[in-house]
Amino acid sequence: MLLQASGITKLYGITPILDGINLQIEERERIGLVGVNGAGKSTLLKILAGEMSYDSGQVFRSKELTLGYLAQNSGLHHGSTIGEEMRSVYADLIETEQELRTMEQQIADPERMTDEKAYADLLERYAQRSDWFRERGGYEMETRIRSILHGMGFAEFSQDTPVSTLSGGQKTRLALARILLQAPDLLMLDEPTNHLDLDTLAWLEDYLRAYSGALLVVSHDRYFLDRLVTGIVEIERHRSKRYTGNYSRYIDIKAAEYETAVKQFDKQQDEIAKMEEFIQKNIVRASTTKRAQSRRRALEKMDRMDRPQGDLKKANFSFTASVVSGKDVLRVHNLTLSYEDKQRLFEPISFELWRGDMVALIGPNGTGKTTLLKSLIGDHPPDAGKIEWGAKTKIGYYDQEQGHLNPNNTVLEEVWGSFPHLEEVRIRTVLGNFLFSGEDVLKKVSALSGGEKARVSLTKLMLLEANVLILDEPTNHLDLMSKEVLESALMDYEGTLLFISHDRYFLNKMAERILELRPDGLTTYLGNFDDYTAKKQELKELAEEAAAAVQAKNASTAAAAGIPANSYEEGKQAKREERNRKRRLEQLEVDIAGWEERISELEEQLTLPEVYQDYEAVQSRQEEIARHQQALEEAYEEWETLAAE
């Protein structure tokens, strides 16, 4: 066990945020922490990390536990460079490396050799420090730094880049890269998938799946949770409950539990009704009064079940269009865009939208996806090309930054000001559907959370009754329940939808066509995200086969002409090495699982009386555990190195 929280209670004034929370984390566990916005997930992480006090309960940490915590939207604000920030993780190793270089100079100094004892002591100290440096990964420092920076999307950045020049999202990504490099025993991450593009998301998932420590993660990314975690802890109504399995299994189990509880409650209610009816009919009859009194006593002693509580109150809305657009909704032809410094974002692109389309726009961060959407609504002038909207189009735009909201307005003023022709009761009713009730509508926009601002924007979008919706990361800031409500509303929408999203679950459910934007242009794929990834893999394999065929043909031609076919042989060798790398990764995964299972068996044996009462038996098992743990650590290191190539 690495960490255990028992009966954690946290109050804000007299209002409970957490009430008797229990949580236990063991080595290499992967736990997802879920709950609606405001449930107290981030508060619990801060308590576990020691950054926030709590009112009652206890937190136990194993001796010498190293804990890494990355808060939501936390970034680096130091006056250092990217490289300096990453190398600061290895401060002790860098100091030791400098010490070794100094000792090497001393060892090479002939004058030192005159004192044999002092020289022998120097050699011994050098050997010890060298072993210490090697065992702690000193020789892999730079490789690990480059690998993690590359995986987290900093491949194109010089390590001399000042941290101060990075955007907020880039600082958060660098903070995540730095904490991954630290490799603590327990890694606690609050919304780590924010600000990550699809390529970086895939890399992070693979990295965390192979991570040798334990993981506690808060995330609203259902795809991420399904691929990564093996247990879910839900915080609901201030209490916690643990479920085995990933997010999808948690949803299934919770639904089944609720259905069973409802059936049991209904059955008991039927029994109570029958007993009460019998008592009422028979209590006054002399022949049956004793039976009626017996039933009454049984009823009084009955342990009555509470009515099962279903889902917490959730938003309820739908999107409708006031008019139907023409069949041809949008035509974009040879469009080019640039930043303010006139740097072109991408090569000329062309695409079309038709009525009823549900199209996703994806691509790496920085390729201009948001700029493209802003250009379509007239907020960013194109450098060249045409944007032609069809007949009767009415456009609704959702800005992920909520830049169209006035921070000085109240929630009611913000919505009513955009639709002054509607009665106040209508505005309040709609806001109630979006969970703004009573005094909530008088909150200032500036005081709202990210999720609340998102709901205000969605309220305005719904009231607009547009027949074309252009959405930029609509699921950002929404909790899992709100995402499901949004998906349901969009599935029933009869207009045209174009959206940007990094939420792969959302992409899978909503997209019927995917536009991939990269610097060299735009590529169209039919289907959802799974179809897109399958097609990308198919195209990659076809390209590899075509390249191999060309190499074979060139080799044949070269052989006929008596020219050495080095390039062909090099290509074959590269493919052979890649196959070997994949096979080795698979074998390492099998070995790791075997060693972990054997270590677990040995640790269980140490709890048996016939073992722990026998000194030699204990010693032999401890020695075997140590050997397996050493082999396990080496396997993890090799796996991480091969996976990063």
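The values are calculated or read from the model by the stated rules, or taken from the named source; none is laboratory data. Worth saying up front: this structure is predicted, and the values here are computed from it rather than measured. Here Cβ is always computed from backbone atoms with ideal geometry, including for glycine, and neighbour counts include all displayed protein chains. The accessibility values were calculated without ligands, DNA or RNA, using every heavy atom of the protein model including side chains. Shrake-Rupley method; radii C 1.70, N 1.55, O 1.52, S 1.80 Å.
Observations
- Taken over region 147-159, the criterion of being buried (at least 18 other Cβ atoms within 10 Å of the Cβ), more than 20 Å from Ala91 (Cβ to Cβ) and of a type in the set (A, V, I, L, M) is satisfied by Met152 alone.
- Total residues in region 484-509 satisfying the condition of being more than 22 Å from Arg222 (Cβ to Cβ) and open to solvent by 60 Å² or more (accessible area, probe 1.4 Å): the figure is 1.
- Failed condition for Glu512, given (1) surrounded by 12 or more Cβ atoms within 10 Å (Cβ to Cβ); (2) modelled with pLDDT of 85 or more; (3) over 26 Å from Asn476 (Cα atoms): (3)
- Within region 134-146, restricting attention to residues that are part of a helix (DSSP H, G or I) and open to solvent by less than 30 Å² (accessible area, probe 1.4 Å), the residue that is farthest from Ile179 (Cα to Cα) is Gly138.
- For region 439-478, a residue qualifies if it is touching a helix residue (DSSP H, G or I) at 6+ places or on another chain (Cβ under 6 Å) and of a type in the set (D, E, K, R), and the qualifying residues are Lys443, Lys460, Asp472.
- Residue within region 71-92 that is loosely packed, with under 12 Cβ neighbours inside 10 Å, hydrophobic (A, V, I, L, M, F, W, C) and modelled with pLDDT of 85 or more present: yes
- Top-ranked residue of region 364-405 - restricted to ones that are among the β-branched types (Val, Ile, Thr) and assigned to a strand (DSSP E or B), ranked as surrounded by the fewest Cβ atoms within 10 Å (Cβ to Cβ): Ile387
- Filter result (touching a strand residue (DSSP E or B) at 6+ places or on another chain (Cβ under 9 Å) and assigned to a strand (DSSP E or B)) within region 1-13: Leu3, Gln4, Ala5, Ser6, Gly7, Ile8, Thr9, Lys10, Leu11
- Pairs with Cβ under 6 Å, 6+ apart, first in region 532-543 and under 15 Å from Ile514 (Cα atoms) and among the basic types (Lys, Arg), second surrounded by 10 or more Cβ atoms within 10 Å (Cβ to Cβ) and modelled with pLDDT of 85 or more: Lys535/Tyr525
- Against the test of being at pLDDT 75 or above, out of contact with any strand residue (DSSP E or B) (no Cβ under 7 Å at 6 or more places or on another chain) and open to solvent by 90 Å² or more (accessible area, probe 1.4 Å), the options Glu577, Glu544 yield a single qualifying residue, Glu577.
- Meets criteria (assigned to a helix (DSSP H, G or I) and among the basic types (Lys, Arg)) for Lys117: yes
- Taking (1) in a strand (DSSP E or B); (2) open to solvent by 30 Å² or more (accessible area, probe 1.4 Å) in turn, Asn476 satisfies each apart from (1).
- Test set (1) more than 20 Å from Leu526 (Cα to Cα); (2) surrounded by 18 or more Cβ atoms within 10 Å (Cβ to Cβ); (3) of a type in the set (Val, Ile, Thr) - Ile349 fails condition number: (1)
- One residue stands out in region 444-468 among those that are in a loop (DSSP other than H, G, I, E, B) and crowded, with 17+ Cβ neighbours inside 10 Å: the one that is modelled with the lowest pLDDT, namely Leu448.
- Pair list, Cβ < 6 Å and 6+ apart or interchain, from region 583-602 residues that are assigned to a helix (DSSP H, G or I) to residues that are among the small types (Gly, Ala, Ser): Leu588/Ala635; Asp591/Ala635; Ile592/Ala635; Trp595/Ala631
- The residues of region 314-340 that are among the β-branched types (Val, Ile, Thr) and buried (at least 19 other Cβ atoms within 10 Å of the Cβ), listed by number, are Val329, Val332.
- Residue that is most open to solvent (accessible area, probe 1.4 Å), among those in region 20-37 that are over 19 Å from the mean Cα position of the chain (by Cα) and polar (S, T, N, Q): Asn22
- Residue match in region 97-116 (condition: open to solvent by 90 Å² or more (accessible area, probe 1.4 Å), under 43 Å from the mean Cα position of the chain (by Cα) and more than 24 Å from Thr641 (Cβ to Cβ)): yes
- Region 169-190 - residue that is assigned to a loop (DSSP other than H, G, I, E, B) and open to solvent by 20 Å² or more (accessible area, probe 1.4 Å) and, of those, farthest from Ile362 (Cα to Cα): Asp185
- Given (1) open to solvent by less than 50 Å² (accessible area, probe 1.4 Å); (2) over 30 Å from Leu201 (Cβ atoms); (3) assigned to a strand (DSSP E or B); (4) not acidic (Asp, Glu), index of the condition Leu361 fails: (2)
- Of all residues making up region 374-396, the number that are more than 18 Å from Arg355 (Cβ to Cβ) and in contact with a helix residue (DSSP H, G or I) (Cβ under 9 Å, 6 or more places away or on another chain): 4
- Members of region 38-68 found to be at negative phi, open to solvent by 60 Å² or more (accessible area, probe 1.4 Å) and not basic (Lys, Arg), listed by number: Glu51, Ser53, Tyr54, Asp55, Gln58, Phe60, Thr66
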